[in-house]
Amino acid sequence: MSARDPLAPALDLCREHNLIPEGGTVLCAVSGGADSVCLLHWLSGLRAQIPFTLVAAHYNHNLRGDQSARDEEFVRTFVGQFCPVITGSGYVAAEAAKRKTGIEETARDMRYAFLQQTARQVGADVIATAHNANDNAETMLLNLMRGCGLNGLCGIPPRRDNIVRPLLTVPRQDIEEYLRIHDLPHVEDSTNTDDTYTRNRVRHQLIPLLEQFQPRLIPHMSQTARLLAQDELLLSRQAKEAIASAHPVPDGIEIDADAIAALPDPLAARAVRLLLDRLNGDGGRCTMSHLLCVVALCRADAPSAQADLPGGTLARRVYGSLELVRPAPTAPMQAVTLPLPGLLSLTCGTIQVRSATYVGNPHTPLSFYLSCEKTRGGLTLRPRRTGDVLTRPGRHARTLKKLMIDEKLPRHMRDTVPVLDCAGRVAGVIGLGPDAGFVPGPGEACWHITYISSDAERKSSP
């Protein structure tokens, strides 16, 4: 055996980040390639130093015909010598067409779904993958070329949730040396030589070119990633403290916009990413441009601005607040005849109409009176329309849009406000009150309109 242990950095990384749980179970993802065979064999030997249970898992993507079947059979036969093997398969190409996503993205999603399911099945504490120092350098360079912040330059973390990467600081050439020392077989994935893929071009063309300028490029990039990760951790902790006041709202999360606006850009962007992580668990899907767009919403004067984010998430200003939501699709309000008298149930509450005699009762936005005589044509409930005008008693006529802005009603809620229409005129608006032209006189027969919100109905229920 060589005097130098090519995988010594792996053991150091495991100890530093506690990647291998003593007495626990490790599920090792094995494709059959050089990196995963190296990881599986090394973990098998590591059990002499750290007692743990080892299980292997292989996922067949069915993308390369006979080669895919060959790889699965190799893993069953070779890896089975060291530990139990669980296999799974899926038709990635068909699923990608169904989802309308890329092959690589779909393959990764399906593979990790299988690994997580298998981990639950065998009670694994962690899932070990064979990402190495070259993979980390490739990721850093790809992120740099796409445009990224500090987080992107940190590359691949040694641990993310229950995914651990013991070989992350080991260069690929040391993995190849380990395979030679131990005379370990492996299979080659033909797609790894296909330079159609950007990552392969970085691997085969860009990194060798950079290594002509700096032969120790990969170790240096590993060290840089480690240092930047420490900086990122400190900044993220500060950003986490800044969003302590965030709280849930229907479909999302809300925070005072000034809490984000007052932060320096590096902290503000991280704060938004953490909020998105809390909402969706996928803050990483947003680019720095997305994050800074949300920061700009917090700093802008527009009280009702909004921005679409990846994954169906919406960022919107609601006056002094920032909301990050994943709104459920809702059907637009349909015009419906209001029963006179009677009850009409809506998604947001109930409108109750009773016969009454007007004796100077006070009007409120949610409880008011309309003349029976002046509404002989009946009342229709509908959403607002462009140009709708309401003249509240004792005040000047104003458009509903301006009134709703004055009341600081969020823009996304304005089209859900019920308008009472009588022969094309606005007779009243739930939340704003009656129109002066439909208010009854003393002693006149009238309709008493009362709105009861769903929340109020729930609170009054026994």
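The values are calculated or read from the model by the stated rules, or taken from the named source; none is laboratory data. Please read all numbers here as calculations on a predicted model, not as lab measurements. Heads up, the Cβs are rebuilt from the backbone with ideal geometry, glycines too, and the neighbour counts pull from every protein chain shown.
May I ask you to verify whether R237 is free of Cβ contacts under 8 Å to residues at least 12 places away in the same chain, on the phi < 0 side of the Ramachandran plot and basic (K, R)?
Considered against the rule, which asks whether it is free of Cβ contacts under 8 Å to residues at least 12 places away in the same chain, on the phi < 0 side of the Ramachandran plot and basic (K, R), R237 comes out as yes.
Taking the listed residues T87, T101, T106, the one that is part of a helix (DSSP H, G or I) and hydroxyl-bearing (S, T, Y) is T106, with no other qualifying. Any chance segment 348-367 includes a residue that's hydroxyl-bearing (S, T, Y), within 18 Å of M404 (Cβ to Cβ) and modelled with pLDDT under 90? Within segment 348-367, none of the residues are hydroxyl-bearing (S, T, Y), within 18 Å of M404 (Cβ to Cβ) and modelled with pLDDT under 90.
Screening P442 with (1) over 30 Å from A315 (Cβ atoms); (2) surrounded by 12 or more Cβ atoms within 10 Å (Cβ to Cβ) gives one miss only, at (2).
Residues considered: L234, L263, L267. Of these, the only one that is over 16 Å from the mean Cα position of the chain (by Cα), at pLDDT 90 or above, loosely packed, with under 15 Cβ neighbours inside 10 Å and closer than 21 Å to N151 by Cα is L234. Within segment 1-55, being touching a residue at least 40 places away in the same chain (Cβ under 8 Å), surrounded by 15 or more Cβ atoms within 10 Å (Cβ to Cβ) and part of a loop (DSSP other than H, G, I, E, B) holds for P6, L7, L19, I20, P21, V30, S31, G32, G33.
Which of (1) of a type in the set (A, V, I, L, M, F, W, C); (2) assigned to a helix (DSSP H, G or I); (3) more than 21 Å from the chain's Cα centre (by Cα) does L115 not meet, given it meets every other one? The number of the failed condition is (3). Of the strands (runs of 3 or more DSSP E) that lie entirely inside segment 285-350, those containing 1 or more residues that are closer than 27 Å to Y451 by Cα span 313-318, 321-325, 342-345. So, L206, is that one among the aliphatic types (A, V, I, L, M), part of a helix (DSSP H, G or I), over 14 Å from N136 (Cβ atoms) and assigned by TED's automatic domain parsing to the domain that holds V30 or not? Yes; evaluated as a whole, the condition is true for this residue. Answer yes or no: is there a residue in segment 386-398 that is closer than 26 Å to P303 by Cα, surrounded by 14 or more Cβ atoms within 10 Å (Cβ to Cβ), touching a helix residue (DSSP H, G or I) at 6+ places or on another chain (Cβ under 8 Å) and at pLDDT below 90. No: segment 386-398 contains no residue that is closer than 26 Å to P303 by Cα, surrounded by 14 or more Cβ atoms within 10 Å (Cβ to Cβ), touching a helix residue (DSSP H, G or I) at 6+ places or on another chain (Cβ under 8 Å) and at pLDDT below 90.
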